[in-house]
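Have a look at the structure below before the remarks.
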Amino acid sequence: MSPKNMSSSAVLESTAVPDKSGKRFSLRLEYDSSRNRSPWWSPVLSVILALLLCAVFIAANGMNPVTVYEKMFRGAFGTSYGFTETLVKAIPLLLCGLGIAVAYRISVWNIGAEGQLTVGAMAATAVTIYFPDLPSFWAISLMLVFGIAAGALWGLMTAIPRTHFGVNELITSLMLNYVALLALDYVVFGPWKDPQGFNFPGSPMFTAAQSLPVLGTTRLHIGLVFGLVAVLIYFLLIKFTRWGYELRLIGANPNAAKYAGIHIKRHIIIVMLISGGLAGIAGMAEVSGVTHKLMQGISPGYGYTAIIVAWLAKLNPLGLIVTSVLFGGLIVGGYSVQTIGLPSSISELLQGAILFFLIAGEMIHRFRIRRSA
Amino acid sequence: MQNHSVEMRGIVKRFGSVTASDQVDFSANAGEIHALLGENGAGKSTVMSMLSGVYRADEGEILIHGQTAKIRSPKDAAMLGVGMVFQNFRLVQTLTAAENIVLGEKSSFWRGSKWIKNKHAEIEALGERFGLHVPVDRPIWQLSVGEQQRVEIVKTLYRGADIIILDEPTSVLTPGEVEQLFETLRVMKKAGKTVIMTTHKMKEVMASSDRISVMRKGKMIATLDTAKTGELELARLMVGREVIITRQEREAVQGKPLLTVNHLEVTADHGRKALEGLSLSVRAGEIVGIAGVAGNGQKELAEVLTGLRAWKSGEIVFDGKPVKTASVRGAIDAGISHVPENRMKSGLAGRLGSVDNLLFKSYRSSEHSRFGILKAAKNRSWSQELVQRFNVKTPELDTPVQQLSGGNQQKLLFAREVSHRPKLMVAVHPTQGLDVGATAGVHELLMELRGSGSGVLLISEDLDELLQLSDRILVIYGGSIIGETDHEHADREEIGLMMAGIRHREENAV
């Protein structure tokens, strides 16, 4: 990254400042590319700073930030209804975030989870439309398989151009999101539209056999188990297997990985298949567990929020559980402050601010201030 | 005393424990082309980087036009009229040549077509004056490397530099372009500018410069008038005087042939020919040294042997079996280990701890993993043992290796490469950047490897090291081996000349 003839640290700027004794010394900002791991507390600090920043906006709206935050917290975690709703929102965030984390581990910047989720939801719905009478077990299993396959295929469409033609995956994965969303529009307005739906866009309602089991009377569905199992598997794979070691090596130093005889391209493809597949599960779980039909706006941006979730967890699988619940809570909390006259976009504001501070912290961490004569 | 336009006195620069520049005195005058000659790593670029504000000296002072100058940043240097043309250009690929040249200029907010037209004319006129044709309106990515360099030079001239430093300017040019560049340098010189050029190519120095300063291992060795010296003397200065070198004691080599390379042809990046009909052989229990100035195919040779690079034609036989395709895995499995040129770039993963770094080459073996699952506890104790055996000083096994000293990093790397009992080790600059103690440690390891019957191909620019360790020294020049001596008859002067592409017999004939 840094130019060849500079060492790992290079002086960026310098300012001469006379100190108290009148002797001149200078402060300089040095870039140190080896400091690429920010400390564990940087996500925590980012959240705190984001809360402080948004407090300013809340106060500007004439409200007490403390009351608002309290209300949000109560809404998301204070009642059993609120908490199950928070978990419902956390499921797609966890699954997409996990997929994103896998890819980011080897610096494959997949920002296409939104699209991968969408095609996953579409493929699962296709099962309900073309095989309407399958018994429950087969219906759910087939929907899951279709969801995974579609998401993985969408991931592959990003991976292959990257490995074989050097196309930046940021662009392809983002663009494919729009392709997926437009395809969704097409099917819900067109071929899959519910004939009994009073001409509203959307597929027919899923039957009970096509819906994921839920917990009691809540909306909390078994997708949570999918997510937790995926996290566990991922954790074990990363920690204990050769594959995990190879990912670790590629992530830490791709040159070294090549030198150790690891095929990086192959890994990019594998990782994008997994990444897309996990987002595909999220899409399947949304239609089968929450909405029970395919419709527009199946995801209110889960695939994008999941990027923040993964980043905030520092790609750590166990951290992902915490951050996805936190962000689920943020969404639910946002709804609950609407009753006191604040727009629910306050939660988006918070999400954005968290990401902002997180990335800023990541950058700032790489600099250090040096005092020299 | 003469009034020097640039004078550097007692310049010291340390990077960690390595002194890159040790009490260097240097001066250049207006209206001269001054060549700074030295091998790679001699400290030329470091010294020039301090003059242009990229680094700051730990000690010493710099005088520009007789006045003490505080150069804290490239901006300060530019204010003093110092401009540097770097080896890897600092150009924005998508902007045109003219846009790159005016980049950073503060004047004129509004930049209409008229302004651009004027600038084009101004830049073209400037280029013409110095014999530099610059295609002003073409984006950088469309230009050849030579053209890009011209843009860089015009950029420094446009910014009003009268002290112009060129870092290895000829390394990227074709012979025709080199001639053109020298012509430009002469025009600059006539215009009263100070031209400083770093290089390791003697022929070019003789052809272009007025004075020559020679550096070796961070020290300034001599400054000479080009007219009063010759390649012979320069070669001698570059490689050092005949110092007594304690050759490592050894038994004669009796091993069977281990590696045979015949007529190897390799094309490097950008289609440049890197190796042309290179042949060599290494026997078991033998250290073969490859001497040569950087960029003569050493890097590619090491890459081919370790499976990182494909070759075009030629034959490689290792351990009695012909090698068919380039494969890193294949090379590892065959028992070829590799100490790469830049340990932190490709040899180690700085962020990871010792265990992960030690497992690089062997994690696939049944000793370290089964059914795709790593044997974590066993690998840990194995790593602990290696760290102890090779005396790697690390606070903990999990400490990121980038926090270790260079010597300890290299020990760790050797521990890994030696641990799976290689038949052949390809070591590229294994002691680069190490202090005396760590260097001795590495030498000991290489001798042990030799003693245990492994072959070693030692690629190094440090002639002392080669003379000390090698059973035979081969000299690489222009992608092929142009000379060979065994360690009984090794003569540093002759090797130095061959490194410059001059064969001894030819020299006698002239």
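Restricting attention to the range B:12-29 and to residues that are at pLDDT below 90 and of a type in the set (A, V, I, L, M), the residue that is surrounded by the fewest Cβ atoms within 10 Å (Cβ to Cβ) turns out to be B:V18. With respect to being modelled with pLDDT of 95 or more and touching a Ser or Thr at 6+ places or on another chain (Cβ under 9 Å), A:L117 fits the description.
Search the range B:49-67 for residues being at positive phi and assigned to a loop (DSSP other than H, G, I, E, B), and hand back the single one that is nearest to the other protein chains (Cβ to nearest Cβ). Don't jump to the end; show me each part of the working.
Going through the range B:49-67, the residues at positive phi turn out to be B:53, B:60, B:65-66.
From what's left, assigned to a loop (DSSP other than H, G, I, E, B): B:53, B:65-66.
Numbers: B:G53: 8, B:H65: 22, B:G66: 22 Å.
Ranking the qualifying residues of the range B:49-67, first place goes to B:G53.
Within the range A:303-316, identify whether any single residue is surrounded by fewer than 20 Cβ atoms within 10 Å (Cβ to Cβ) and within 14 Å of chain B (Cβ to nearest Cβ), and answer yes or no. Yes.
For (1) modelled with pLDDT of 85 or more; (2) among the basic types (K, R), each residue gets a yes or a no:
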{"position": "A:L320", "(1), (2)": "yes, no"}
{"position": "A:T323", "(1), (2)": "yes, no"}
{"position": "A:F327", "(1), (2)": "yes, no"}
{"position": "A:V332", "(1), (2)": "yes, no"}
{"position": "A:L342", "(1), (2)": "no, no"}
{"position": "A:E362", "(1), (2)": "no, no"}
{"position": "A:F367", "(1), (2)": "no, no"}
{"position": "A:R370", "(1), (2)": "no, yes"}
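Kindly evaluate B:N408 against the criterion of being away from chain A (no Cβ under 14 Å) and either more than 30 Å from B:L264 (Cβ to Cβ) or not in a strand (DSSP E or B) (or both). Judged against the criteria, B:N408 is a match.
Can you tell me which residue within the range B:330-357, out of those that are part of a loop (DSSP other than H, G, I, E, B) and facing chain A (nearest Cβ under 8 Å), is surrounded by the most Cβ atoms within 10 Å (Cβ to Cβ)? Here the residue is B:L348. For the range B:408-439, a tally of residues being among the charged types (D, E, K, R) and surrounded by fewer than 22 Cβ atoms within 10 Å (Cβ to Cβ) returns 3.
Name the residues in the range A:170-228 that are at positive phi and surrounded by 13 or more Cβ atoms within 10 Å (Cβ to Cβ), would you?
Of everything in the range A:170-228, just one residue is at positive phi and surrounded by 13 or more Cβ atoms within 10 Å (Cβ to Cβ), namely A:G202.
Do you know which residues across the range B:442-454 are touching a Lys or Arg at 6+ places or on another chain (Cβ under 9 Å) and either crowded, with 18+ Cβ neighbours inside 10 Å or under 21 Å from A:Y259 (Cα atoms) (or both)? Answer for the range B:442-454, where residues must be touching a Lys or Arg at 6+ places or on another chain (Cβ under 9 Å) and either crowded, with 18+ Cβ neighbours inside 10 Å or under 21 Å from A:Y259 (Cα atoms) (or both): B:V442, B:L445, B:R450, B:S454. Residues that are under 30 Å from A:T218 (Cα atoms) and among the aliphatic types (A, V, I, L, M) within the range A:52-83 comprise A:V66, A:V68, A:M72, A:A76, listed in sequence order. Close Cβ contacts (under 8 Å, 6 or more residues apart or on different chains) running from residues in the range B:190-201 that are within 21 Å of B:E231 (Cβ to Cβ) to residues that are modelled with pLDDT of 90 or more and in a loop (DSSP other than H, G, I, E, B) comprise B:M197/B:S209.
Only one of the numbered conditions (1) within 14 Å of another protein chain (Cβ to nearest Cβ); (2) touching a residue at least 60 places away in the same chain (Cβ under 8 Å) is not met by B:S327, and that is (2). Can B:L474 be described as of a type in the set (A, V, I, L, M) and either within 22 Å of B:E300 (Cβ to Cβ) or surrounded by fewer than 20 Cβ atoms within 10 Å (Cβ to Cβ) (or both)? Against the criterion (of a type in the set (A, V, I, L, M) and either within 22 Å of B:E300 (Cβ to Cβ) or surrounded by fewer than 20 Cβ atoms within 10 Å (Cβ to Cβ) (or both)), B:L474 qualifies. Give me the residue from the range B:360-381 that is at the interface with chain A (Cβ under 7 Å from one of its Cβ atoms) and either of a type in the set (S, T, Y) or not in a loop (DSSP other than H, G, I, E, B) (or both) and, out of that set, nearest to the chain's Cα centre (by Cα). Only one residue tops the list, namely B:Y363.
Yes/no matrix, rows are residues, columns are (1) under 26 Å from A:L358 (Cβ atoms); (2) in contact with a helix residue (DSSP H, G or I) (Cβ under 6 Å, 6 or more places away or on another chain); (3) in contact (Cβ under 8 Å) with a residue 40 or more places away in the chain:
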{"position": "A:T217", "(1), (2), (3)": "no, no, no"}
{"position": "A:H221", "(1), (2), (3)": "no, yes, yes"}
{"position": "A:V225", "(1), (2), (3)": "no, no, no"}
{"position": "A:L228", "(1), (2), (3)": "yes, no, yes"}
{"position": "A:L247", "(1), (2), (3)": "yes, yes, yes"}
{"position": "A:K293", "(1), (2), (3)": "no, no, yes"}
{"position": "A:P300", "(1), (2), (3)": "yes, no, no"}
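Counting only residues that are in a helix (DSSP H, G or I) and either within 25 Å of B:V172 (Cβ to Cβ) or touching a Pro at 6+ places or on another chain (Cβ under 6 Å) (or both), how many does the range B:191-238 have?
First, the residues of the range B:191-238 that are in a helix (DSSP H, G or I): B:202-208, B:226-228, B:231-238.
Now restrict to residues that are either within 25 Å of B:V172 (Cβ to Cβ) or touching a Pro at 6+ places or on another chain (Cβ under 6 Å) (or both): B:202-208, B:226, B:231, B:234-235, B:238.
Of the residues in the range B:191-238, 12 are in a helix (DSSP H, G or I) and either within 25 Å of B:V172 (Cβ to Cβ) or touching a Pro at 6+ places or on another chain (Cβ under 6 Å) (or both).
When the range B:411-434 is filtered for residues that are in contact with a Gly (Cβ under 8 Å, 6 or more places away or on another chain), within 14 Å of chain A (Cβ to nearest Cβ) and either closer than 24 Å to B:V293 by Cβ or not in a helix (DSSP H, G or I) (or both), the ones remaining, listed by number, are B:H420, B:Q432, B:G433. Considering A:G289, A:G277, the condition of being under 29 Å from A:G197 (Cβ atoms), part of a helix (DSSP H, G or I) and touching a helix residue (DSSP H, G or I) at 6+ places or on another chain (Cβ under 8 Å) is satisfied by A:G289 alone. Remark: B:N296 falls outside the filter, which requires a residue to be of a type in the set (S, T, N, Q), part of a helix (DSSP H, G or I) and either in contact (Cβ under 8 Å) with a residue 40 or more places away in the chain or within 14 Å of chain A (Cβ to nearest Cβ) (or both). Criterion applied to B:L386, B:L397 was being more than 10 Å from chain A (Cβ to nearest Cβ), modelled with pLDDT of 85 or more and not in a loop (DSSP other than H, G, I, E, B), and the one residue passing it is B:L386.
Of the listed requirements (1) among the hydrophobic types (A, V, I, L, M, F, W, C); (2) within 14 Å of chain B (Cβ to nearest Cβ); (3) buried (at least 16 other Cβ atoms within 10 Å of the Cβ); (4) assigned to a helix (DSSP H, G or I), A:I262 misses just one: (4).
Restrict the check to the range B:455-467 and report whether at least one residue is surrounded by fewer than 20 Cβ atoms within 10 Å (Cβ to Cβ), in a helix (DSSP H, G or I) and of a type outside the set (D, E). Checking the range B:455-467: not a single residue is surrounded by fewer than 20 Cβ atoms within 10 Å (Cβ to Cβ), in a helix (DSSP H, G or I) and of a type outside the set (D, E).
The set of residues from the range B:68-86 being assigned to a helix (DSSP H, G or I), out of contact with any Lys or Arg (no Cβ under 9 Å at 6 or more places or on another chain) and surrounded by fewer than 17 Cβ atoms within 10 Å (Cβ to Cβ) comprises B:K75, B:M79.
The values are calculated or read from the model by the stated rules, or taken from the named source; none is laboratory data. Quantities reported herein were computed from a predicted structural model and do not represent experimental measurements. Glycine also receives a Cβ, built like all others from the backbone with ideal geometry; neighbour counts cover every protein chain displayed.
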